[in-house]
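Structure record follows, encoded as structure tokens.
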Amino acid sequence: MFHCMKPDSENEVLEMNEVLKKIGAIGIVPVVKIDDAKDAAPLAKALCAGGLPCAEITFRTDAAEEAIRRMHEAHPEMLIGAGTVLTPEQADRAMAAGASFIVSPGFNPRVVKHCVEKGYPVTPGCANPSDVEQAIEMGLDVVKIFPAEQVGGLKMIKAIAAPYHDMMFMPTGGINAKNLNDYLSFNKILACGGSWMVKDDMIRAGAFDQIEALTREAVQTMLGFTIGHVGINCETAEEARRIAGVFEAMFGFTAKEGEGSLFAGTAVEVMKGKGPGRLGHIAIRTNFLARAVNYLTLKGYAFEDEKKYDEKGNWTAIYLKEEIGGFGVHLVQKK
């Protein structure tokens, strides 16, 4: 049985199949058609540098198998999937070349059964409840929705998801920077496949700098980093009240007192004692906390073990271990 990650009460994911769990943590799967295998390694470099160490190489060209092999050799840390897999033989060739998972455009029972028996993580394409139920019968709990926008988009996925509580979806087809976060905000979406950051003509032209830039832009669009507030450390509660009062008097930022701090408006938090950071802290808001932590971890940053939760048990914040300019930095889940 092949499993994936699905959101739990902490906005995190339950550990199931490791490959699919990692795909969900990345959030976006670039769908790539490579005509010449020589482009595989520089493309892999561009995707990784842009923040997406993942790709689905479609078997729509004769170069696909060799492209997977070269990409895997150049960047073994990447999650490389084989897409448009139509036969068991293609699945075997792809996995032997270094693929980590198999994707098909439709639900082909022969291909899915072969992958299940071989132990390949597989996400077959589905477009209706009958397809989903075939996947369930095969022991799957992740399916691709294809072509996502053309078959009804997010509304259709939400409708299908309702009776299938344990099923997760990976929509592909019509996903772009404008609708990406609408899809990912639904907790039954594992990740989204898309090609807007890595179009065929860019690969053929060798425009890998452009691909890297568009990949980075896609990641930033998904994560949506913004400054939430700045925290100021004080020695005492009295000092904190005084400073919060200054912000209120000067800028009209209404001071609101809490147990351990006062907020002056929403942009300034004044701590009643020494909080994290030598001088204070900076809160960075993000659309997807778990994916932001994964992204920064892959870039080499470390996080404290302690996490913050809201009253419903949802994971809401976590601190980086490293201070920046004397300030602690923590990520905060946008509401």
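Summed over all non-identical Cα pairs, the Kirkwood treatment of region 197-250 gives a radius of 15.2 Å.
From Cα pairs below 8 angstrom and at least 6 apart in sequence, can you work out the relative contact order of the chain, rounded to a whole percent?
Numbers: 727 pairs, mean separation 51.0, N = 335.
Averaging sequence separation for qualifying contacts and normalising by length gives 15 percent for the chain.
For region 160-202, the set of trypsin sites (Lys or Arg not before Pro) satisfying both a DSSP loop assignment and a count of at most 13 other C-beta atoms within 10 Å is given as K178.
Gain on full extension, evaluated as 0.36 nm per residue between Q210 and V116 minus their Cα-Cα distance, stands at 30.1 nm. With N as its number of residues, the chain has a Cα radius of gyration that, divided by 2.2 N^0.38 Å, comes to 1.13.
Need one number: % antiparallel among DSSP beta bridges in region 281-332, to the nearest 5. Counting DSSP beta bridges with both partners in region 281-332, the antiparallel share is about 60 percent. Charges were assigned to the Cβ only: +1 to each Lys and Arg, -1 to each Asp and Glu. The resulting dipole of the chain about its Cα centre is roughly 420 debye.
Using a 10 angstrom cutoff on alpha carbons, build the Gaussian network for the chain and name the most mobile of R69, R285, R204. Among R69, R285, R204, the largest mean-square fluctuation in the Gaussian network model of the chain belongs to R204. Each of K256, K299, K45 has some number of other Cβ atoms within 10 Å of its Cβ, and from fewest to most they run K299, K256, K45. Taking the Cα atoms of region 226-333, the ratio Rg/Rh between the radius of gyration and the Kirkwood radius comes to 1.00. Note on E257 and Y309: with the Förster distance fixed at 25 Å, the Cβ-Cβ geometry gives a FRET efficiency of about 0.70. Each semi-axis of the equivalent ellipsoid for region 45-123 is √(5λ) with λ an eigenvalue of the Cα gyration tensor; in descending order they amount to 22, 12, 11 Å. Cross-link check: pairs K118/K188; K45/K113; K45/K307; K33/K335; K38/K178; K188/K312 evaluated at a Cα-Cα cut-off of 28 Å; pairs beyond the cut-off: K45/K113; K45/K307; K33/K335; K38/K178. Averaging 1/r over each pair of different alpha-carbon atoms in region 88-165 and inverting the result gives 12.9 Å, the Kirkwood hydrodynamic radius. Estimated from helices alone, the mean residue ellipticity of the chain at 222 nm is -10500 deg cm²/dmol (sum of -39500 (n - 2.57) over DSSP H runs with n ≥ 4, per residue).
Placing unit charges on each Cβ (+1 for Lys and Arg, -1 for Asp and Glu) gives the chain a dipole about its Cα centre, and among P109, I243, W196 the Cα reaching farthest toward its positive end belongs to I243. Restricting to the chain, compute how many DSSP beta bridges are antiparallel as a %, nearest 5. If we restrict to bridges inside the chain, about 40 percent are antiparallel.
Tell me, what is the FRET efficiency for A49 and V246 to the nearest 0.05, using R0 = 45 angstrom and their Cβ-Cβ distance as r?
With a Förster radius of 45 Å, E is 0.50.
Here, each number is a calculation from the coordinates, and none is a lab measurement. None of the values given here were measured: they were computed from a predicted structure. All Cβ positions, even for glycine, are placed from backbone atoms using ideal geometry, and neighbour counts span all protein chains on display.
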